[in-house]
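K.L.:
The structure follows.
The values are calculated or read from the model by the stated rules, or taken from the named source; none is laboratory data. Keep in mind it's a predicted model, so treat the numbers as computed, not measured. Glycine also receives a Cβ, built like all others from the backbone with ideal geometry; neighbour counts cover every protein chain displayed. Heads up: the accessible areas ignore ligands, DNA and RNA and are worked out on the full protein's heavy atoms, side chains in. Shrake-Rupley method; radii C 1.70, N 1.55, O 1.52, S 1.80 Å.
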Amino acid sequence: MTEPFSLQIDDTVFTGLEAGEGIPVVFLHAGVCDRRMWENQIEAVAAAGFWGIAYDRRGFGDTSSPDEGFSHLEDLEAVLEALDVHAAVFVGASSGGALAIDFALANPERVAGLVLVGTSISGARVPRLPPEIMTIANAMEAVEESGDVDAINAVDAHAWLDGPLSESGRVSGDIRALFQAMNGNILRKPQLTREDKPQSAVHAVGEIGAPTLLVAGDLDFPHIVNRHDDLSEEMENAFAVVIEGTAHLPSLERPDLFNPLLLEFLAMLTGQDDHES
């Protein structure tokens, strides 16, 4: 079972979940989620002999902070210091993947491996979208301007959970309820206006030498799926996997398919595969 924790660092209280002991595996949530998206994975890595950790970044989950100057990279470094974590495997989804990349570029000696899920990259621009994708992109922009939180949450769930070209409501039940609880909480939080934006990592990603697993869902936005293919060629020690029938959050949607990939990757990093064979 996961256990909650909180860390007060200056005027910010970071909330998180952890379980297990051993080599740290640090989970960084997507921009439409919080630490809860990783609860299943934290339990899985803990059962396999690792220390699973996830925390809410500023503006997410139950973390509370004043509207002051900050950077998510500096926050991550501060959280790791508070937990006495020097090196770890980092698992990041979407904007959490971008943060993992930024950390790996700034602290290569502290990264034992990366798992990037539907990842974004700091400084990356969205390419020209095909007409069928522009339809939902325009809907997302229009509803965001309306300020109707429930409507924004519904469109976000369609785009990111179901997939932009999938039927709305494709993913239902507890997973949809959790997504809407996490994203709804983000939408209702006061805006933080003083974030120090990270430097572009677009042209530096190829410098990362840590073993990297790239995971995408085939129902995600096409440019995100294509990005993983590009990164598998650009990063010298990376390989890409597509989980069919999932969209932007395959780890949340299909942990039964994602977790074995993650555990196999961790076993490879730690030499368990060699020991067992």
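K.L.:
What whole-number volume per residue, in cubic angstrom, does the convex hull of the C-alpha atoms of the range 103-155 give?
P.N.:
Enclosed volume per residue, from the Cα hull, is 145 Å³.
K.L.:
With labels modelled as points extended 7 Å from the Cα through the Cβ direction, what inter-label distance (nm, one decimal) is found for Ser200 paired with Asp230?
P.N.:
Simple spin-label model gives 1.2 nm for this pair.
K.L.:
What is the log10 of I(q)/I(0) for the range 162-205, computed with the Debye formula using one identical point scatterer on each Cα and no solvent, at q = 0.27, 0.28, 0.30 Å⁻¹?
P.N.:
Debye curve over Cα of the range 162-205, log10 I(q)/I(0) at q = 0.27, 0.28, 0.30 Å⁻¹: -0.91, -0.95, -1.03.
K.L.:
Ignoring trypsin sites (Lys or Arg not before Pro) that are buried or in helix or strand per DSSP, and keeping those with at most 14 other beta carbon atoms within 10 Å, what is the longest stretch of the chain between them?
P.N.:
1-124
K.L.:
Please compute the alpha carbon radius of gyration of the range 146-277, then divide it by the globular-protein estimate 2.2 N^0.38 Å. Two decimals is fine.
P.N.:
The reported ratio for this selection is 1.26.
K.L.:
If you look at just the Cα atoms of the range 1-68, how large are its Rg and its Dmax in Å?
P.N.:
Computed over the Cα atoms of the range 1-68, radius of gyration and Dmax are 12.1, 39 Å.
K.L.:
Find, among the GluC sites (Glu not before Pro) in the range 58-152, those assigned to loop by DSSP (not H, G, I, E, B) with at most 14 other beta-carbon atoms within 10 angstrom.
P.N.:
Loop-located and lightly packed - Glu68.
K.L.:
How much length is gained on full extension from Asp10 to Glu207, taking 0.36 nm per residue of separation minus their Cα-Cα distance?
P.N.:
The Asp10-Glu207 span can extend by a further 67.6 nm.
K.L.:
Next question. Taking the Cα atoms of the range 87-184 alone, what are Rg (to one decimal) and Dmax (as a whole number) in Å?
P.N.:
When restricted to Cα atoms, the range 87-184 yields Rg and Dmax of 16.1, 45 Å.
K.L.:
Pull out the extension gain between Ala47 and Asp67, defined as 0.36 nm times the separation in residues minus the alpha carbon to alpha carbon distance; nm, one decimal.
P.N.:
3.4 nm
K.L.:
While we're here: For the chain, with all protein chains present and a 1.4 Å probe, just round the carbon and sulfur fraction of the accessible area to a whole percent.
P.N.:
49
K.L.:
Still on this structure: Considering only C-alpha atoms, what is the centroid distance from the range 129-158 to the range 43-115, in Å?
P.N.:
Centre-to-centre distance over Cα atoms comes out at 29 Å.
K.L.:
Give me the log10 of I(q) over I(0) for the range 227-274 at q = 0.13, 0.19, 0.24 Å⁻¹, as the Debye formula computes it from C-alpha points; what are the numbers?
P.N.:
Scattering profile of the range 227-274, log10 relative to I(0): -0.37, -0.75, -0.99.
K.L.:
Under the rule of at least 5 residues apart or a separate chain, name every residue whose amide H is placed under 5 Å from the amide H of Ser122.
P.N.:
Ala201
K.L.:
Given a Förster radius of 45 Å and the C-beta distance between Ser168 and Asp84 as r, what FRET efficiency does 1/(1 + (r/R0)^6) yield to the nearest 0.05?
P.N.:
For Ser168 and Asp84, the calculated efficiency is 0.50.
K.L.:
State in Å² the accessible area per residue of the chain; use a 1.4 Å probe, count heavy atoms of protein chains only, and round to the nearest integer.
P.N.:
Here the residues of the chain average 45 Å² of exposed surface.
K.L.:
Within the range 103-129, which residues have the backbone N less than 13 Å from the label spot 7 Å out from Glu144 along Cα→beta-carbon, could you tell me?
P.N.:
126
K.L.:
What is the mean projected area of the alpha carbon convex hull for the chain, to one decimal in square nanometres?
P.N.:
14.0
K.L.:
Something else about it: Just to verify a number: FRET efficiency for Thr135 and Asp218, C-beta to C-beta distance, R0 = 22 Å, to 0.05?
P.N.:
That gives a FRET efficiency of 0.70.
K.L.:
From the phi angles alone, apply the Karplus equation (6.51, -1.76, 1.60; θ = phi - 60°) to the range 95-112 and give each ³J(HN,Hα) in whole Hz, x where the residue is Gly or Pro.
P.N.:
For the range 95-112, the Karplus-derived couplings read 5, x, x, 4, 5, 4, 5, 4, 5, 5, 6, 7, 9, x, 6, 9, 10, 7 Hz, x marking Gly and Pro.
K.L.:
So what is the 222 nm mean residue ellipticity for the chain from helices alone, if each DSSP H run of at least 4 adds -39500 (n - 2.57) and you divide by all residues, rounding to the nearest 500 deg cm²/dmol?
P.N.:
After summing the helix terms and dividing by residue count, I get -12000 deg cm²/dmol.
K.L.:
Multiply the residue separation of Val242 and Glu77 by 0.36 nm, subtract the distance between their alpha-carbon atoms, and state the gained length in nm to one decimal.
P.N.:
56.4 nm
K.L.:
Quote the relative contact order of the range 18-150 in percent (integer), defining contacts as alpha-carbon pairs under 8 Å separated by 6+ residues.
P.N.:
Rounded, it is 23 percent for the range 18-150.
K.L.:
Rounded to whole Hz and in sequence order, give me ³J(HN,Hα) for the range 8-14 from the Karplus expression 6.51 cos²θ - 1.76 cosθ + 1.60, θ = phi - 60°, writing x for Gly and Pro.
P.N.:
Values, residue by residue: 8, 10, 6, 9, 10, 10, 8 Hz.
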